[in-house]
Amino acid sequence: MNQKIKELALKCYNPYSEFDHELFAKLIIEDVMSIMADQKNYNRCVHTSHDLDQAKCVVQEIAKKIYEDYL
């Protein structure tokens, strides 16, 4: 299992109750959102300022959709 997934899963474990699946999903989404918010991750894929504007727009649209549907 991926180390990051293990870390997130441990945050959802409570010895006195069941595993919190909803919190686990929320933590995964929040982690993905933080990756998308980091400009270093999409600046590697662009060559011009026009490309950068398009990349920023795509990231914003994806983030908006994730917040609307999952958070």
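The values are calculated or read from the model by the stated rules, or taken from the named source; none is laboratory data. Here the structure is a predicted model, which is why all the values come from computation and not from measurement. Quick reminder, even Gly has a Cβ in these numbers, built from the backbone with ideal geometry, and neighbours come from all protein chains shown. Areas reflect the complete protein model, heavy atoms only, side chains present, ligands, DNA and RNA absent. Shrake-Rupley method; radii C 1.70, N 1.55, O 1.52, S 1.80 Å.
Accessible area, 1.4 Å probe, largest first: how do 69, 31 sort? Write out the running numbers ahead of the final one.
Details: 69 85, 31 40 Å².
Result, largest first: 69, 31.
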- Item | Residue-level accessible surface for residue 65, protein heavy atoms, 1.4 Å, Å² | 110
- Number of Lys pairs (Cα under 26 Å; 8 or more positions apart or on different chains) in the chain: 19
- Message: Run the Debye formula on the Cα coordinates of the chain, all scatterers equal and no solvent, and tell me log10 I(q)/I(0) at q = 0.20 1/Å.
- Response: -0.87
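Mean residue ellipticity at 222 nm from the helices of the chain, using -39,500 (n - 2.57) per DSSP H segment of n ≥ 4 over the full residue count, to the nearest 500 deg cm²/dmol? Provide the component values of the computation, followed by the final result.
Working: 4 runs with 53 residues, N = 71.
It lands at -24000 deg cm²/dmol.
With +1 assigned to the C-beta of every Lys and Arg and -1 to the C-beta of every Asp and Glu, and no other charges, what is the dipole magnitude of the chain about the Cα centre in debye, to the nearest 20? Present the calculation step by step, with values, prior to reporting the outcome.
On the way: 9 positive and 12 negative charges, 54 e Å.
Roughly 260 debye, rounded to the nearest 20.
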- Query: Ignoring ligands and nucleic acids, what accessible area does residue 30 show with a 1.4 Å probe (Å², nearest 10)?
  - Reply: 80
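Multiply the residue gap between residue 7 and residue 68 by 0.36 nm, knock off their C-alpha separation, and tell me the result in nm, one decimal place.
19.4 nm
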